[in-house]
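The values are calculated or read from the model by the stated rules, or taken from the named source; none is laboratory data. Computed from a prediction, not measured in an experiment: that's the story for all the values here. Cβ placement follows ideal geometry from the backbone for every residue including glycine, while neighbour counts extend to all protein chains displayed. All accessible areas refer to the heavy atoms of the entire protein, side chains included, with ligands and DNA or RNA removed. Shrake-Rupley method; radii C 1.70, N 1.55, O 1.52, S 1.80 Å.
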Number of protein chains: 4
Amino acid sequence: MHFVKIASELVYTVNSPSSFVFNIAAAITDHQKTVEENLFISPSMNREWFQLNNFGSRGVRIDAEPCELTINYNATVELSPDIEQNRYLNEVEHNKLPTSVLSFLNPSRYCESDRLGRLAWKEFGQLQPGYLRVDAICNWVNDHLDYVADSTDGSSSACDVLIQRAGVCRDFAHVSIALCRALGIPARYVSGYAVGLEPPDFHGFFEAYLEDRWFLFDATRMAPVSGLVRIGIGRDAADASFANIVGLAMMKSIKVEATAVDWELTYKNGGPVSTA
Amino acid sequence: MHFVKIASELVYTVNSPSSFVFNIAAAITDHQKTVEENLFISPSMNREWFQLNNFGSRGVRIDAEPCELTINYNATVELSPDIEQNRYLNEVEHNKLPTSVLSFLNPSRYCESDRLGRLAWKEFGQLQPGYLRVDAICNWVNDHLDYVADSTDGSSSACDVLIQRAGVCRDFAHVSIALCRALGIPARYVSGYAVGLEPPDFHGFFEAYLEDRWFLFDATRMAPVSGLVRIGIGRDAADASFANIVGLAMMKSIKVEATAVDWELTYKNGGPVSTA
Amino acid sequence: MHFVKIASELVYTVNSPSSFVFNIAAAITDHQKTVEENLFISPSMNREWFQLNNFGSRGVRIDAEPCELTINYNATVELSPDIEQNRYLNEVEHNKLPTSVLSFLNPSRYCESDRLGRLAWKEFGQLQPGYLRVDAICNWVNDHLDYVADSTDGSSSACDVLIQRAGVCRDFAHVSIALCRALGIPARYVSGYAVGLEPPDFHGFFEAYLEDRWFLFDATRMAPVSGLVRIGIGRDAADASFANIVGLAMMKSIKVEATAVDWELTYKNGGPVSTA
Amino acid sequence: MHFVKIASELVYTVNSPSSFVFNIAAAITDHQKTVEENLFISPSMNREWFQLNNFGSRGVRIDAEPCELTINYNATVELSPDIEQNRYLNEVEHNKLPTSVLSFLNPSRYCESDRLGRLAWKEFGQLQPGYLRVDAICNWVNDHLDYVADSTDGSSSACDVLIQRAGVCRDFAHVSIALCRALGIPARYVSGYAVGLEPPDFHGFFEAYLEDRWFLFDATRMAPVSGLVRIGIGRDAADASFANIVGLAMMKSIKVEATAVDWELTYKNGGPVSTA
């Protein structure tokens, strides 16, 4: 068990009555709890907290009149990763998968696993199924893609990124997810805070279903998995925007922080997966 | 309230141990109930019924050894459509939408609403929001696409279909859904049985969220909405395959039926939407 | 016959030995001649003029060492458009087309006419073949697309643009060309100078083959066809970049001008096509 | 110098007056000549031979009334490949390339080299430029793609094929061409006859410009390069269809043959490139 302090501040210039759904709070899962949590909104206004899905993601809905809107969220999160002898984690055969995870085998907007079957089997079909195969996918994605800021946009999918060979964190996650699904491994997108990420920002990574639960992976290798705090969880980034806005509002600034409390990140790459 | 008898028979030659998930049973919703229902599997074997999602779709999981596998499902379904003065059905503003339907605004594998904003607003932005706008989308889709058997495959998305201007029922639904979402109208894919469909087959259509619930639409205009029986409900066809199979199994034959009981379909096109 | 003065100045910061091919000089065609022409290069260096193709386009090749490179081109061009009673211009049947124009029926990088057959025939198939049909295509393109600066990039094709419904001049031309070819009308891309274009810049438009020669069209309707001066002519914009560069060189500034000499542009939209 | 006998017979059921352009005759180039050549058309009708381009490709145009149309072509072709010490063949720097080959650096319909720069440089950028690099591209294409009949269609491009990892000969050529162009190596598509191809059919391969001329390559490794006879030469397969038809005509049968005369193919893979 260890603790991470997270914080984010989003400022918008709201020019017309606007409906916001924020997805910036830590998700509540078996292995991730908020010890303390604050949400400040300025100017003061009503907010509605709600469950975004069955996986612990939480949304905040706000109805804003024209103003300068500041959303300030901070929390202390307790992570109790169940760190595995990860190399022994197995994939689960299709007929043994819990029915609740089956939909994470389906292709999605940014993860066209239906088109990538042959590529996935040619590259990874000979590998021993399990944790090491998902890790091999992360290595492959890391080798084949360049991390290039602004190289993709909101319409870029795993296939686009595989062609252009460049992307940002969400793209690394999308390609990894699509490859996992193509091999029959349920995989889902996770947005989050990341201790040690430089420059600090919201991060995108993924989870694969192994053995009997979801395990975190990050193909960017930019931050240790043990310092990842989940926010949104879904099919792909389409389900995990930190803000959905209908109305005329312009983002003015964004600040994101994540700090380890009383512990030290001792490895950055190749660390164990965890259920954090 | 009226009744529809539905039936389907799927036969597979199973050549290796195979894991099947079927999605062929009528969904259970507020306005759709099964009065009587039978599932025969030959050779006899265990089956696991489960909830595919929170919308009433049900899956059946089977683990088959090599054999000739026959799945025979039939049911009598009671539909209690709440037929509306449909022209007065309104769209719901973003800040008033139930949080449970927000995810049906997200783009999905076959419905790239994120790419279609300008098209949707240019074509439908000036129309009065509400039922009539969704109906206008159906008319537009019906006018712009040709129904051509085998013109698309499992990787064809709404954008592909808009370019090639041809598709089958699932494509008509995908384009309609993508356009609705681009306009801010939650929309989801529905697979089902359809009274009057020629030739008889599983059908694909969609629902849009208006006023305070989901309403059925079918841009193909090939069968009356009041005779549609829902099976799968999801983001798009990726969530509603009638069969997902892992293993070596070949479909040998398929038969699908849907018959009105004690009532007559009196209109085919332009009938009222309903919550059937 | 009338005259247009054109000029362009391109400035580059060249950081490594770089190979440039410029395509900024007026093409020489039956209906377009240069009366006077100057090319200044600073610092002074060798340049090689060459024929880029059989259609009159001319390239200039330069081999630059690290420097600040200025290319200054100006010319007076005599246009002798053979202005037709355009509404009587016919399309040419496939078996009567000169063999030299057949390749302009082929799909190209940015004009996927092979994918657009059904769209083209559904929208334009019922129209009278000939000039008026190509003009109808221009009107349709102008109606369906928004001109939005920076809405596309170097990988955007006609199909992409038809989906996103926005583009710049080259995109308007690409969509028009693709639709013409899909209907069996040879069409090609033309880059050029344009009198009256605001803001002044290089422009992109197209030619369709009618009756017995190539006629100019501009679906953007941003400048009169009679003031267009052709530079590059090819399958699509891939063949008509104003500069191809291999080496490390950054564009620092660009200025483009086109002015009518001793005549006045009296119409902007709907003017006659011409062989200018 | 060696000889190849080639023959093809195409039979069509022509249901309406139809305009055909065939591209099935051996091209005439510096290293490929026809010693003897016959074209039979039944029923007897006029045919027009013409130059399809400046590279030696020849078309035959026919105007057919409804009939059963048989086109029978045969020839003896003399190949005088200039077999090189191929490992010493160099790439040509951009500023030294003949201006006539520059257009073969441009992206084309099926070879989107503009999108593949990073992939090409990541995979092949560290290799020694020249013949061995193009050969490495062929090996990579051969390793990464499966040859699967009917896995692609007339709209499949290099990018599509790189994602789905399967294709036929034209796709292997398209991917290779796109990668060459992305590296600055002019490359073009060639259709042809191929001694030793099983099953016999028209074949698709490519040429790369090295040292001072075009050299043949075949990434499928299905037939020896020394037995390839060129027909069509162009940007990509869009320029080299063996038949373009406008009218209602259905292909009934096709037979293609290519036989070595008085010599033996002694290697199939890894043989020298040649200017055949």
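Values computed for the structure shown
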{"quantity": "Accessible area (Å², 1.4 Å probe, nearest 10) - C:D218", "calculated": "10"}
{"quantity": "In Å, descending, principal axis extents of the Cα set of the range D:141-196", "calculated": "31, 30, 23"}
{"quantity": "Along chain A, longest interval not containing exposed GluC sites (Glu not before Pro), exposed being DSSP loop plus at most 15 other Cβ atoms within 10 Å", "calculated": "A:94-210"}
{"quantity": "Inter-label distance for D:T70 and B:D82, nm, one decimal - labels placed 7 Å from Cα along Cα-to-Cβ", "calculated": "7.2"}
{"quantity": "The range B:122-276 - share of DSSP beta bridges that are antiparallel (%, nearest 5)", "calculated": "90"}
{"quantity": "Ranking by accessible area, most exposed first, for B:V246, B:V4 with a 1.4 Å probe", "calculated": "B:V246, B:V4"}
{"quantity": "Antiparallel DSSP beta bridges within chain D, percent to nearest 5", "calculated": "95"}
{"quantity": "For the range A:45-59, Karplus couplings with θ = phi - 60° (6.51, -1.76, 1.60), whole Hz, Gly/Pro x", "calculated": "7, 5, 9, 10, 8, 8, 7, 7, 6, 8, 9, x, 6, 10, x"}
{"quantity": "Surface share of carbon and sulfur [accessible, 1.4 angstrom probe, percent] for the protein assembly as shown", "calculated": "48"}
{"quantity": "Total formal charge among the other residues, if their Cβ is under 12 angstrom from that of B:V60, Lys/Arg +1 and Asp/Glu -1", "calculated": "0"}
{"quantity": "Between 0 and 90°, nearest 10: helix A:169-182 axis offset from chain A longest Cα axis", "calculated": "40"}
{"quantity": "Residue-averaged beta-carbon neighbours from other chains (10 angstrom radius) around D:107-116", "calculated": "6"}
{"quantity": "Reduction of at least 10 Å² in accessible surface, 1.4 Å probe, comparing all protein chains with the chain by itself, residues of the range B:218-253", "calculated": "B:R235, B:A238, B:D239, B:N244, B:V246"}
{"quantity": "Per-bin percent of Cα-Cα distances, the range C:182-251 [5 Å]", "calculated": "3, 16, 24, 22, 16, 10, 6, 3, 1, 0"}
{"quantity": "Label-point separation in nm, B:M251 to A:K122, each point 7 Å along Cα→Cβ", "calculated": "2.8"}
{"quantity": "Difference of contour (0.36 nm per residue) and Cα-Cα distance, A:E9 to A:V148", "calculated": "47.6 nm"}
{"quantity": "Formal net charge of residues neighbouring C:I254 (Cβ-Cβ distance under 12 Å; K, R +1; D, E -1)", "calculated": "-1"}
{"quantity": "Accessible area, probe 1.4 Å, largest first, for residues B:T34, A:T259", "calculated": "A:T259, B:T34"}
{"quantity": "Per residue accessible area in Å² of the range A:79-196, where ligands, DNA and RNA are left out and the probe is 1.4 Å", "calculated": "35"}
{"quantity": "For B:158-168, mean number of other protein chain Cβ atoms within 10 Å", "calculated": "4"}
{"quantity": "Folded to 0 to 90 degrees: helix D:131-144 orientation relative to chain D principal axis, Cα", "calculated": "70"}
{"quantity": "Rounded to whole Å, sorted largest first: equivalent-ellipsoid semi-axes of chain D, Cα gyration tensor", "calculated": "31, 21, 17"}
{"quantity": "Kirkwood Rh in Å, taken over the range A:66-189 so that all alpha-carbon pairs contribute", "calculated": "16.2"}
{"quantity": "Net charge over other residues, Cβ less than 14 angstrom from the Cβ of B:V14 (K, R count +1; D, E count -1)", "calculated": "-2"}
{"quantity": "Long pairs among B:K255/D:K252; D:K33/D:K255; A:K96/A:K122; D:K33/D:K96, criterion Cα-Cα beyond 31 Å", "calculated": "B:K255/D:K252"}
{"quantity": "Cα-based Rg / Dmax (Å) for the protein assembly as shown", "calculated": "31.4, 92"}
{"quantity": "Residue-level accessible surface for B:H2, protein heavy atoms, 1.4 Å, Å²", "calculated": "30"}
{"quantity": "Reachable aspartates and glutamates, given that their alpha-carbon falls under 15 Å from the alpha-carbon of B:K5 and they are not under 8 places away in the same chain", "calculated": "B:E36, B:E37, B:E78, B:D201, B:E257, B:D262, B:E264"}
